[in-house]
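Take a look at this one; I'll ask things after.
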Amino acid sequence: MKISTIIVSSLLAVSLGNAQTCSYTQKGSVDIGFTAFKTPLKVGVGGHFNEVGFSTNVQGANSLDALLVGATLHVNKKSVNTNNSGRDVTLTTSFFDVLNGDDISAKVLEIKEEVTKAGDVQRGIMTTRITLNDVTVKVPLRYHIEKGVMKGEGTIDLLDFKANNALESINKACFDLHKGKTWADVVVSFSMNIDTKCK
């Protein structure tokens with residue numbers, strides 16, 4: 001046997017011996033947030049939803065893809081919370097009530113993990129299918145996992161969801177406060193606990 005073959009075989013054996021097997025479990029509730037933008041200077045206004053339902057097809061899996069692909073999310077659009085009760089009422093009556101449908105829903109279609117070095121934060125792209133105003137659009141979300149918490153965010157365009165009427169409605173209701181400008185792009189975000197065990 002050639003020396004080079006022996007070396008390659010030895011390295012492969014060491015690599016396989018050091019390979020980790022990991023299990024992933026999603027625990028607890030999921031937080032869904034957003035940042036909308038107002039005024040010509042594009043000032044952000046953040047908030048989240050108090051009523052969110054999230055379910056996965058499996059309780060635990062050996063990869064994020066196996067755990068989260070197929071997971072579904074349902075958000076009560078009237079449970080908006082921006083830490084300002086007056087603004088919440090305006091958002092509900094002048095925006096969310098104008099949209100079709102009782103809730104906002106999403107489904108995870110794909111997880112693409114980026115190759116990272118040992119010790120780096122785990123990250124990648126989650127492709128989702130979001131339904132808003134009875135219109136469904138694919139939305140990519142960039143995510144990372146650090147200290148057992150998975151966080152991600154992406155940007156949607158309300159015009160892609162044919163939400164022109166709702167956008168015009170909230171702009172009219174807040175015309176002076178927004179100085180005549182409410183933006184169509186909204187940053188959406190999520191946060192959930194992911195328990196990872198490797199051996």
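Of all the residues that make up segment 157-173, how many are of a type outside the set (D, E, K, R) and either touching a helix residue (DSSP H, G or I) at 6+ places or on another chain (Cβ under 6 Å) or within 12 Å of PHE37 (Cα to Cα) (or both)?
Qualifying residue count for the region: 8.
Considering each of VAL139, VAL135 in turn, give the residue that is of a type in the set (Val, Ile, Thr) and in contact (Cβ under 8 Å) with a residue 40 or more places away in the chain.
Sole residue among the options that is of a type in the set (Val, Ile, Thr) and in contact (Cβ under 8 Å) with a residue 40 or more places away in the chain: VAL139.
Just to verify a result, which residue in segment 141-153, among those that are surrounded by fewer than 19 Cβ atoms within 10 Å (Cβ to Cβ) and not in a loop (DSSP other than H, G, I, E, B), is farthest from the chain's Cα centre (by Cα)?
GLU146
Of all residues in segment 120-135, how many are out of contact with any strand residue (DSSP E or B) (no Cβ under 8 Å at 6 or more places or on another chain) and outside any strand (DSSP E or B)?
3
Mind checking which residues of segment 1-28 are surrounded by 12 or more Cβ atoms within 10 Å (Cβ to Cβ) and either modelled with pLDDT of 85 or more or touching a Phe, Trp or Tyr at 6+ places or on another chain (Cβ under 8 Å) (or both)?
Once the filter is applied, which keeps residues that are surrounded by 12 or more Cβ atoms within 10 Å (Cβ to Cβ) and either modelled with pLDDT of 85 or more or touching a Phe, Trp or Tyr at 6+ places or on another chain (Cβ under 8 Å) (or both), segment 1-28 yields SER23, TYR24, THR25, GLN26.
Continuing with this model, one more query. Residues THR56, THR116: which one is hydroxyl-bearing (Ser, Thr, Tyr) and either out of contact with any Leu (no Cβ under 9 Å at 6 or more places or on another chain) or over 22 Å from VAL149 (Cβ atoms) (or both)?
Of the residues listed, the single one that is hydroxyl-bearing (Ser, Thr, Tyr) and either out of contact with any Leu (no Cβ under 9 Å at 6 or more places or on another chain) or over 22 Å from VAL149 (Cβ atoms) (or both) is THR116.
Within segment 146-157, is there a residue that is more than 18 Å from THR25 (Cα to Cα), modelled with pLDDT of 95 or more and among the acidic types (Asp, Glu)?
Among the residues of segment 146-157, at least one is more than 18 Å from THR25 (Cα to Cα), modelled with pLDDT of 95 or more and among the acidic types (Asp, Glu), which makes the answer yes.
Inspect segment 157-168 for any residue being assigned to a strand (DSSP E or B), surrounded by 15 or more Cβ atoms within 10 Å (Cβ to Cβ), in contact (Cβ under 8 Å) with a residue 12 or more places away in the chain and over 13 Å from the mean Cα position of the chain (by Cα) and give the result as yes or no.
There is no residue in segment 157-168 that is assigned to a strand (DSSP E or B), surrounded by 15 or more Cβ atoms within 10 Å (Cβ to Cβ), in contact (Cβ under 8 Å) with a residue 12 or more places away in the chain and over 13 Å from the mean Cα position of the chain (by Cα).
Here is a follow-up. Tell me the strands (runs of 3 or more DSSP E) entirely within segment 25-113 that contain at least 3 residues that are touching a Pro at 6+ places or on another chain (Cβ under 9 Å), of a type in the set (D, E, K, R) and within 20 Å of CYS174 (Cβ to Cβ).
Filter on segment 25-113 gives an empty set.
Quick test for you: out of LYS138, LYS117, pick the one residue that is in contact with a strand residue (DSSP E or B) (Cβ under 7 Å, 6 or more places away or on another chain), over 17 Å from VAL30 (Cα atoms) and of a type in the set (Lys, Arg).
Just a single option satisfies the conditions, and that option is LYS138.
With ALA61, ALA118, ALA36 as the choices, which residue is modelled with pLDDT of 95 or more and either buried (at least 18 other Cβ atoms within 10 Å of the Cβ) or more than 21 Å from VAL187 (Cβ to Cβ) (or both)?
Step by step, each of ALA61, ALA118, ALA36 is checked, and only ALA36 is modelled with pLDDT of 95 or more and either buried (at least 18 other Cβ atoms within 10 Å of the Cβ) or more than 21 Å from VAL187 (Cβ to Cβ) (or both).
Across segment 169-199, which residue is surrounded by the most Cβ atoms within 10 Å (Cβ to Cβ) among those that are among the basic types (Lys, Arg) and modelled with pLDDT of 95 or more? Full working, then the answer.
Step one: list which residues in segment 169-199 are among the basic types (Lys, Arg), which gives 172, 179, 181, 197, 199.
Of the ones still in play, those that are also modelled with pLDDT of 95 or more are 172, 179, 181.
Working: LYS172: 11, LYS179: 13, LYS181: 15.
Selected residue: LYS181.
How many residues does segment 31-52 hold that are farther than 20 Å from ILE156 by Cβ and either without any contact (Cβ under 8 Å) to a residue 12 or more places away in the chain or within 15 Å of the chain's Cα centre (by Cα) (or both)?
1
Something else: What number of residues within segment 170-199 are among the small types (Gly, Ala, Ser) and over 21 Å from VAL75 (Cβ atoms)?
Our first condition is that a residue be among the small types (Gly, Ala, Ser); within segment 170-199, this holds for 173, 180, 184, 189, 191.
Filter once more, so that each one left must be over 21 Å from VAL75 (Cβ atoms): 173, 180.
Residues that pass the stated criteria total 2.
The values are calculated or read from the model by the stated rules, or taken from the named source; none is laboratory data. Quick caveat, the model's predicted, so the values are computed rather than measured. Note that each Cβ is placed from the backbone with ideal geometry, even for glycine, and that neighbours are counted across all protein chains shown.
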